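Questions regarding the structure given below will be posed in turn.
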């Protein structure tokens with residue numbers, strides 16, 4: 001779970017993570033903690049879309065116009081946005097809507113940005129994503145894939161950048177996502193409750209320690225946190241230089257073909273995730289171990305479910321991987 005989140009932070013184009021697991025296994029805690037590992041980002045001051053100062057793909061139309069007119073633009077640094085999407089959210093709240101107050105008071109039609117605007121260049125977290133309305137999940141996945149959100153409301157047409165890491169979590173007992181929606185998530189991690197007594201005790205002790213003095217607990221792990229933060233920043237910088245050999249790419253596609261995976265998303269995500277892992281480990285070349293580490297996370301949720309199949313989909317992926325990569 002942690003590795004999948006870190007790899008998505010290094011390369012947001014992997015396409016997000018779906019984390020399914022038992023209740024009380026720390027899914028939400030881990031996801032919310034990832035934001036603290038990210039470097040601050042430079043945004044245009046007073047811009048609701050967290051626009052980038054130089055990258056056109058991460059800039060709202062208003063900022064583009066101001067740059068073209070050579071207007072002075074002030075910037076500020078903010079923490080990477082971590083936006084929670086509540087289960088009861090409406091489409092207007094997610095996508096944005098007309099600012100009614102301004103329309104009534106001033107007679108002007110203006111756009112009131114939604115959660116997708118706030119999440120631009122950040123992380124959008126949906127707890128219990130399997131209970132979210134399907135049409136909202138469709139909107140989220142479309143925005144995450146294209147990087148843009150288009151809103152048509154009452155004669156207003158707005159298109160703004162919405163590039164974010166989409167993270168969903170849920171409990172499989174409460175229902176699964178539709179296969180076509182599940183396939184749109186780049187990676188899928190499954191979390192099970194720890195059974196080993198000594199490890200459970202260690203977790204309980206650490207939780208009690210944090211509850212009694214959160215500040216002291218955070219200080220204790222500050223050095224480890226800073227090392228991890230630095231490692232992620234270095235990986236983000238070196239990602240563009242990572243190479244993956246042609247024969248390894250052929251073998252990746254052979255695994256996807258052998259497992260009868262629909263479409264090419266699986267191939268693309270494995271290539272991206274393997275490169276992100278090589279960057280994370282400070283290497284310039286992807287090796288077989290990188291692919292072995294990420295392939296289950298990338299393919300587990302893309303396999304066709306056989307009701308009579310008792311084998312875990314993860315072990316099935318590893319079995320085919322070993323047969324092709326030997």
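The values are calculated or read from the model by the stated rules, or taken from the named source; none is laboratory data. This is a predicted model, so every value here is computed, not measured. Quick reminder, even Gly has a Cβ in these numbers, built from the backbone with ideal geometry, and neighbours come from all protein chains shown.
From the residues in segment 242-270 that are in contact (Cβ under 8 Å) with a residue 60 or more places away in the chain and assigned to a loop (DSSP other than H, G, I, E, B), which one is surrounded by the most Cβ atoms within 10 Å (Cβ to Cβ)?
Restricting to residues being in contact (Cβ under 8 Å) with a residue 60 or more places away in the chain and assigned to a loop (DSSP other than H, G, I, E, B), the top hit is 259.
Something else: For segment 96-108, how many residues are surrounded by 12 or more Cβ atoms within 10 Å (Cβ to Cβ) and either modelled with pLDDT of 80 or more or outside any helix (DSSP H, G or I) (or both)? Break it down stepwise before answering.
First, pick out the residues of segment 96-108 that are surrounded by 12 or more Cβ atoms within 10 Å (Cβ to Cβ): 96-99, 102-103.
From what is left, the residues that are either modelled with pLDDT of 80 or more or outside any helix (DSSP H, G or I) (or both) are 96-99.
Summing the residues that are surrounded by 12 or more Cβ atoms within 10 Å (Cβ to Cβ) and either modelled with pLDDT of 80 or more or outside any helix (DSSP H, G or I) (or both) in segment 96-108 gives 4.
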